[in-house]
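See structure below.
The values are calculated or read from the model by the stated rules, or taken from the named source; none is laboratory data. All of these numbers come straight from a predicted model, not from anything done at the bench. FYI the Cβ positions are ideal-geometry reconstructions off the backbone, even for glycines, and counts take in every protein chain you see.
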Amino acid sequence: MDHQLPNVSDSASQFDVKSSSNSIRKLLSLPHVLLPVLHLSSDTPNDPLHLYNLLRYDASLVARVLEVNRKSPSATLSTSPQADIKELLLSTSPKTIRSLVLSTFHDRNGIYTCGNALSQEYLKKQWLTSIQCGFLAKSLALQVDYPDPEEAYFAGLLHNIGQLIFHAEDGDEYLNTCVYDLAPDLTIGDKSSLLLSNENKRFSIDHCKIGAHMCKTWGLPIQLQDAIRFHHASFEQISDAHILTRIINLSSAISEGKFSQFRTCATKVSSLLNIPIDHIAPVIESAIAQTSDIIRSLDIPLTDSIIDQKLVPIHDNESDHVPLQDAIKLNQLTREIHFCGILETVKGALLNATSEEHIQYETQLAAATLFDVEKTFFFTFDKSTNYIQGDQKTKPPSIINDLSILSEKGRSILADTAISNESLDTFSISYETLSIVDQEILHQASAQHLLCQPLMNGKKLFGILVFALNDKEMLQLSSTRKHVKDFTATVSRALLRVKHNTEQFDSMLHAERSLYQTKLKRMTHEINNPLSIAQNHLHILSMSDHYSSQQRESIQVIQEEIIRASNLLKQHVDGSHSQNAKNHAVNINEILCDLLLVFEDGLTEEQNIDTERQLDKSMPAIFIDDIKLKQILTNLLKNAFESLGNEGWLSIRSQDNVIINGEPFIEIQIADDGPGIPKSIIGHLFSPINTLKGEDHSGIGLSIVKELTNQLDGCVSYRREFDGTTVFSLFFPRKFEI
């Protein structure tokens with residue numbers, strides 16, 4: 001095809017690197033990719049793995065998702081130093097993906113276009129080059145035991161993202177002045193050098209640097225940024241570079257046709273990556289096979305000129321063709337290697353799992369990736385009772401957990417699996433002859449067949465992994481039973497590891513709790529000693545005739561508070577309060593006045609704080625736990641007096657018969673004209689980490705207030721009035737009997 005575009009201006013166009021993120025939303029994707037993504041993102045409920053397996057094959061969509069995540073508020077809260085592309089793609093909601101696809105249409109006035117015919121061909125070439133480079137990079141990464149093959153894949157997929165950005169921003173002018181303005185007789189290497197030169201003349205930057213810059217803004221690993229930055233460097237320049245830089249450079253060269261002979265290609269790959277030459281052909285065949293599978297699944301028509309852009313031929317002699325049967329065997333071997341590579345990734349994911357719920361989630365994702373199976377169920381086996389119990393820990397809750405099956409022959413396919421300790425299935429059994437419980441499992445999964453895999457600890461059964469399959473999945477799994485067995489063994493080991501760690505943790509926690517209780521009892525005893533001495537002296541003082549009635553009242557209140565403090569310590573030690581506490585009739589106004597009097601008596605001469613009492617005298621005694629109520633009020637009053645410092649105003653107020661949602665409550669208000677709560681922590685006001693009192697305080701007062709208020713079936717609120725008054729309000733049910 002004659003690569004000529006309409007005449008356009010040759011004037012240089014400075015590309016603003018800082019605004020390059022704005023070009024991301026303009027990136028184009030093939031409609032063959034966008035349409036199935038749109039369908040999947042519209043389905044509810046949706047398995048994120050299905051969307052992921054489409055998104056990961058399109059560099060433009062991956063870039064747009066990364067940019068959306070970079071701009072999201074949650075990105076600033078992330079504690080991870082580096083972004084994980086797979087994790088970000090999986091965690092992006094279908095609604096967001098759908099919006100990205102629809103915005104592609106809306107940006108073009110509702111009419112989607114990839115441009116003219118040459119632009120469409122360019123996009124297809126870029127798409128093909130990107131996934132070829134990605135698959136090559138991952139296969140090479142597996143060969144050299146690179147720790148993160150998925151990182152290598154995405155580095156290869158995104159290696160030319162800079163070109164796509166230039167095309168999205170500059171359109172046909174970029175193609176005319178940079179891409180197609182190259183002499184046809186140049187070598188691929190010379191064309192690459194000239195392309196970079198043309199880009200620098202037009203934009204003062206090339207696509208390698210733009211791609212690396214965007215990867216940096218997305219928080220991707222530094223080695224990935226450098227791999228994209230140097231993917232057009234010469235082989236001599238990268239000979240000592242990071243392994244990922246060498247992998248991407250070679251993958252780019254191969255996918256863009258830099259090698260015309262396989263022998264030259266194999267020699268260069270072997271020398272730069274230290275891979276045996278006889279391992280290189282399967283790597284390239286694997287990339288070809290995977291690319292062909294994707295093209296076929298997405299039904300992307302390719303022109304002859306694009307089809308000619310294939311990876312380096314395996315044989316230099318064109319007449320030396322691989323026989324058909326050999327090609328089939330090679331494809332089977334490639335798929336086996338592919339499975340092993342994925343299984344290693346699955347093992348890594350399961351190794352990082354810290355709970356059974358996490359393992360079940362990773363198992364579902366892996367089953368979908370390896371076998372295209374959408375539904376898996378977990379059951380535990382209790383040898384002491386001989387029962388099989390549903391044990392789905394992933395959300396939402398499953399009715400599978402309601403199933404309990406006796407392990408007797410013939411009762412269920414699961415029972416037969418438990419007895420034989422072997423893999424069993426219902427493939428050749430008609431639905432009507434299955435036990436009712438087996439039919440219920442199938443109905444729950446909307447499936448036609450069950451495959452039961454025993455989960456073993458050595459020779460002992462501890463559970464069953466059930467695959468629920470449709471007819472298509474059944475046919476596929478029938479030919480991969482060995483893979484299923486290997487996969488199940490991996491899941492078993494992961495579950496046993498987590499169970500062992502959980503048992504160890506529970507044992508350690510029990511020991512720590514025992515030690516804590518011992519220390520707490522000792523501390524309580526030490527604290528009660530001075531409290532008892534203080535109580536005795538207060539009793540002696542109360543017997544004296546030298547004190548006024550108000551002073552005697554203050555001494556009595558202090559005595560009662562010492563008793564309450566002692567009781568609180570005892571309750572925390574033996575945990576008896578929650579069981580033994582009983583509500584009784586309490587005079588709310590009396591408690592408010594007594595507590596306020598304690599704090600007033602504690603004021604120094606330097607403190608000039610005015611207090612007010614606005615009490616509803618008609619309020620009757622209500623049934624409530626007075627110990628908890630006093631603890632709540634003490635915390636709020638203490639906070640209020642501390643916030644006022646040496647000067648201010650504080651008020652307590654009570655109100656009877658406040659109606660909330662049709663129910664009667666009593667209200668208690670504590671207000672002051674202090675500085676109030678900073679806006680920065682209002683959203684987490686009742687969290688124990690927040691405090692206005694400096695490093696010497698734990699800041700747990702308000703969290704205790706909230707917890708105790710909830711225990712009394714009440715609620716607590718905070719507000720800041722227009723005049724600057726800080727108000728805490730408590731509402732408790734207006735109960736007159738237990």
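Things worth noting here:
- Residue satisfying condition, being outside the structural domain of I413 (by TED's automatic domain parsing) and of a type in the set (D, E, K, R), within set K485, K459, K472: K485
- Any hit, region 711-722, residues being modelled with pLDDT under 90 and among the small types (G, A, S): no
- Consider region 4-58 and keep the residues that are of a type in the set (D, E) and more than 24 Å from the chain's Cα centre (by Cα). The one that is modelled with the lowest pLDDT is D10.
- Any hit, region 456-474, residues being in a helix (DSSP H, G or I) and buried (at least 18 other Cβ atoms within 10 Å of the Cβ): yes
- Residue within region 438-445 that is crowded, with 16+ Cβ neighbours inside 10 Å and either hydroxyl-bearing (S, T, Y) or under 19 Å from K485 (Cβ atoms) (or both) present: no
- C208 surrounded by 19 or more Cβ atoms within 10 Å (Cβ to Cβ) and farther than 24 Å from I295 by Cα: yes
- Some residue of region 594-616 being touching a Cys at 6+ places or on another chain (Cβ under 8 Å) and modelled with pLDDT of 75 or more: yes
- Residues that are closer than 25 Å to K499 by Cβ and within 32 Å of the chain's Cα centre (by Cα), drawn from region 424-449: I441
- Looking across region 427-437 at every residue that is at pLDDT 90 or above and closer than 21 Å to I399 by Cα, the one that is surrounded by the fewest Cβ atoms within 10 Å (Cβ to Cβ) is identified as I436.
- L298, sole failed condition from (1) modelled with pLDDT of 85 or more; (2) surrounded by 16 or more Cβ atoms within 10 Å (Cβ to Cβ): (1)
- Count of residues meeting criterion [closer than 19 Å to G257 by Cα, surrounded by fewer than 19 Cβ atoms within 10 Å (Cβ to Cβ) and hydrophobic (A, V, I, L, M, F, W, C)] in region 219-237: 2
- Pair list, Cβ < 9 Å and 6+ apart or interchain, from region 629-657 residues that are assigned by TED's automatic domain parsing to the domain that holds G674 to residues that are hydroxyl-bearing (S, T, Y) and assigned to a helix (DSSP H, G or I): I632/T709
Residues are listed down the side, and each one gets a yes or a no for (1) assigned by TED's automatic domain parsing to the domain that holds E87; (2) of a type outside the set (A, V, I, L, M); (3) under 20 Å from L128 (Cα atoms):
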{"site": "L158", "(1), (2), (3)": "yes, no, yes"}
{"site": "G162", "(1), (2), (3)": "yes, yes, yes"}
{"site": "D170", "(1), (2), (3)": "yes, yes, no"}
{"site": "Y180", "(1), (2), (3)": "yes, yes, yes"}
{"site": "E199", "(1), (2), (3)": "yes, yes, no"}
{"site": "T245", "(1), (2), (3)": "yes, yes, no"}
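- Residue list for region 242-293, filter: of a type in the set (G, A, S) and in contact with a Leu (Cβ under 9 Å, 6 or more places away or on another chain): S251, S252, S255, G257, A281, S286, A287, A289
- Number of residues in region 143-152 that are free of Cβ contacts under 8 Å to residues at least 60 places away in the same chain and either surrounded by 24 or more Cβ atoms within 10 Å (Cβ to Cβ) or among the basic types (K, R) (or both): the value is 0.
Here is a yes/no grid of residues against (1) more than 21 Å from the chain's Cα centre (by Cα); (2) part of a helix (DSSP H, G or I); (3) at pLDDT 95 or above:
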| residue | (1), (2), (3) |
| --- | --- |
| I359 | no, yes, no |
| E362 | no, yes, no |
| A367 | no, yes, no |
| V373 | yes, no, no |
| T385 | yes, no, no |
| K393 | no, no, no |
| P396 | no, no, no |
| I400 | yes, yes, no |
| R411 | yes, no, no |
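- Boolean, E121 is charged (D, E, K, R) and at pLDDT below 80: yes
Residues are listed down the side, and each one gets a yes or a no for (1) among the aliphatic types (A, V, I, L, M); (2) in contact (Cβ under 8 Å) with a residue 40 or more places away in the chain:
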residue	(1), (2)
T129	no, yes
C133	no, yes
K138	no, yes
A141	yes, yes
G156	no, yes
H167	no, yes
E199	no, no
I205	yes, yes
C208	no, yes
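- Count of residues meeting criterion [closer than 25 Å to I622 by Cα and either surrounded by 20 or more Cβ atoms within 10 Å (Cβ to Cβ) or in contact with a strand residue (DSSP E or B) (Cβ under 7 Å, 6 or more places away or on another chain) (or both)] in region 637-649: 1
- Scanning region 246-297 for residues that are part of a loop (DSSP other than H, G, I, E, B), more than 20 Å from Y146 (Cβ to Cβ) and either acidic (D, E) or touching a helix residue (DSSP H, G or I) at 6+ places or on another chain (Cβ under 7 Å) (or both) gives E256, G257, K258, F259.
- Filter result for the condition that a residue is farther than 19 Å from V598 by Cβ and of a type outside the set (D, E), over I659, I632: I659
- Yes/no for V68 being over 24 Å from F135 (Cβ atoms), at pLDDT 85 or above and either part of a loop (DSSP other than H, G, I, E, B) or assigned by TED's automatic domain parsing to the domain that holds Q223 (or both): yes
- Among the residues here, A281 qualifies as over 36 Å from the mean Cα position of the chain (by Cα), surrounded by fewer than 18 Cβ atoms within 10 Å (Cβ to Cβ) and farther than 30 Å from L27 by Cα.
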